[in-house]
Each structure stands twice: as C-alpha cells, then as structure tokens.
Amino acid sequence: MSIAKRVAEAVEKMAQNDTEGALLPISAAVDATATKHFNRRGRKSYKDFIHENLSLITKVAFGPSIMNINIKYDHPDLETGPDGLCTIQDILYHVVRCGLTHSAKLPSTLKFVDENKFQVDNDLLVLPASLVFGLIAAVVVCPENADQTIPDNYVLNVRGFQIKLNDLWGKKQELENLFATMEAI
C-alpha cells in the first residue's frame, strides 16, 4: 500500500462527492506521512502533522490561512481544554480517523458540507468538505513523499488554478510560493 494510492483514492472519492469515502484513505495517508515525517508512529505524530500543516490545509481548503482551530464539540473520545474547546487535529484524529478505522463510520454528530463553514448547531458539528483537499495537499507536498506518483490526470484546484498533483510531490515551498503569487495579484 502506498501513500500515493491512498491520495488517488481520496481524490476519486471527492470527485464522486463522497467526502466520507475520501476521509478514510486520506486519513491513512496522513498517518503514514506523519510517521515518515516525524520518524515515529502514533496519534501524536498524526496530530502534530495536522497542526504543523494547518495553515497550508486551510489555504487550500477555503482561502485564509488559519494557524489554530478550536471548536466546542462534545464527543466521548475527546478531551476539551478548560475553555470547553478542542482542536481540529483532535477531531480529525479521534473522531474522523479513529471513527472510520474502528467503527467504519462517522458519528451522527459530525457532518461535512460543501460550504466553507465551521458550525456547531446544538450537538451537530458541521465542517467544510474542502478540508479533505487541504489534507491531500499537505500529504502530497510533504518532502518525505517526494518519491510518490499517481496518474497524471489528478489535479488540485486552488482558487481557480488547476495544478497536477504529480508536479507537487514533496514540493511544499513551491505550493507556498504559488499562494504568495496569488495573494500578490
């Protein structure tokens, strides 16, 4: 099983508007990439990788660069801070990754939508499906994945620009430079 294969599966599922179907392979790809990046396996690597790449993930997902996302969300597998909030990396690991891996489903209290919004409505947490594209980008541009390839027709749409994913493997700085150019225009 390769990281590239999981990325390709996630891209295919997103093309079919199957966000939940895309979350399982991209979670596996994040897990494997985090292990390579930090040279250690486990939840801390996974969450650290998301935290380290959150600015890039949010730029790809919906535009603005966000360094921290803290949300009020109650779930039995989450620990909240004194303010009653938990981090997006905790949600993506404990609720999304672990939920899909161990229970084969997301909880009924979590929904991904095509709108760019984070919302808690009663006990329902609503997240943007575009986060999957941000996770795909973070995995692809990680330097440790420079040796990966997928079919050439797979692209990442970033603010109207289509970029071949094969042109981005291991090239985080090039993607950051592209964002800087877009912001200057």
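The values are calculated or read from the model by the stated rules, or taken from the named source; none is laboratory data. These figures come from a predicted structure and were not determined experimentally. Cβ sites come from the backbone with ideal geometry, for glycine too, and all protein chains shown count toward neighbours.
Quick check: is even one residue across region 59-76 surrounded by fewer than 22 Cβ atoms within 10 Å (Cβ to Cβ), assigned to a loop (DSSP other than H, G, I, E, B) and among the acidic types (Asp, Glu)? Checked region 59-76: at least one residue is surrounded by fewer than 22 Cβ atoms within 10 Å (Cβ to Cβ), assigned to a loop (DSSP other than H, G, I, E, B) and among the acidic types (Asp, Glu). Scan region 41-54 for residues that are modelled with pLDDT of 95 or more and either out of contact with any Cys (no Cβ under 9 Å at 6 or more places or on another chain) or aliphatic (A, V, I, L, M) (or both) and the total you get is 9. I'd like to check something: does region 30-50 contain any residue that is touching a residue at least 40 places away in the same chain (Cβ under 8 Å), farther than 15 Å from residue 141 by Cα and among the aliphatic types (A, V, I, L, M)? No, region 30-50 contains no residue that is touching a residue at least 40 places away in the same chain (Cβ under 8 Å), farther than 15 Å from residue 141 by Cα and among the aliphatic types (A, V, I, L, M). Beta carbons closer than 9 Å, at least 6 apart along the sequence or on distinct chains, pair a first residue in region 62-74 that is at pLDDT below 85 with a second that is of a type in the set (Lys, Arg) and outside any loop (DSSP other than H, G, I, E, B) for 65/59.
Which of the residues belonging to region 1-23 are crowded, with 19+ Cβ neighbours inside 10 Å and of a type in the set (A, V, I, L, M)? Scanning region 1-23 gives 3, 4, 7, 8, 10, 11, 14, 22, 23. The number of residues in region 111-127 that are at pLDDT below 95 and in contact with a helix residue (DSSP H, G or I) (Cβ under 6 Å, 6 or more places away or on another chain) comes to 1. Here is the figure for region 81-100: residues that are among the acidic types (Asp, Glu) and surrounded by 22 or more Cβ atoms within 10 Å (Cβ to Cβ) total 1. Take the conditions (1) among the charged types (D, E, K, R); (2) under 23 Å from residue 21 (Cβ atoms); (3) touching a residue at least 12 places away in the same chain (Cβ under 8 Å); residue 123 misses just one of them, which is (2). Taken over region 60-76, the residue count meeting the criterion of being over 24 Å from residue 105 (Cα atoms) and over 11 Å from the mean Cα position of the chain (by Cα) is 7.
Is at least one residue of region 105-126 assigned to a helix (DSSP H, G or I), surrounded by 12 or more Cβ atoms within 10 Å (Cβ to Cβ) and of a type outside the set (Val, Ile, Thr)? No, region 105-126 has no match at all. Where residues in region 12-49 are β-branched (Val, Ile, Thr) and more than 16 Å from residue 146 (Cα to Cα), which of them is farthest from the chain's Cα centre (by Cα)? Out of the qualifying residues, it is 19.
Would you be able to say whether some residue in region 16-29 is assigned to a helix (DSSP H, G or I), closer than 27 Å to residue 160 by Cβ, of a type in the set (Ser, Thr, Tyr) and modelled with pLDDT of 95 or more? Yes, some residue in region 16-29 is assigned to a helix (DSSP H, G or I), closer than 27 Å to residue 160 by Cβ, of a type in the set (Ser, Thr, Tyr) and modelled with pLDDT of 95 or more.
For region 81-94, filtered to residues that are farther than 15 Å from residue 120 by Cα and in contact with a strand residue (DSSP E or B) (Cβ under 8 Å, 6 or more places away or on another chain), the residue that is modelled with the lowest pLDDT is 81.
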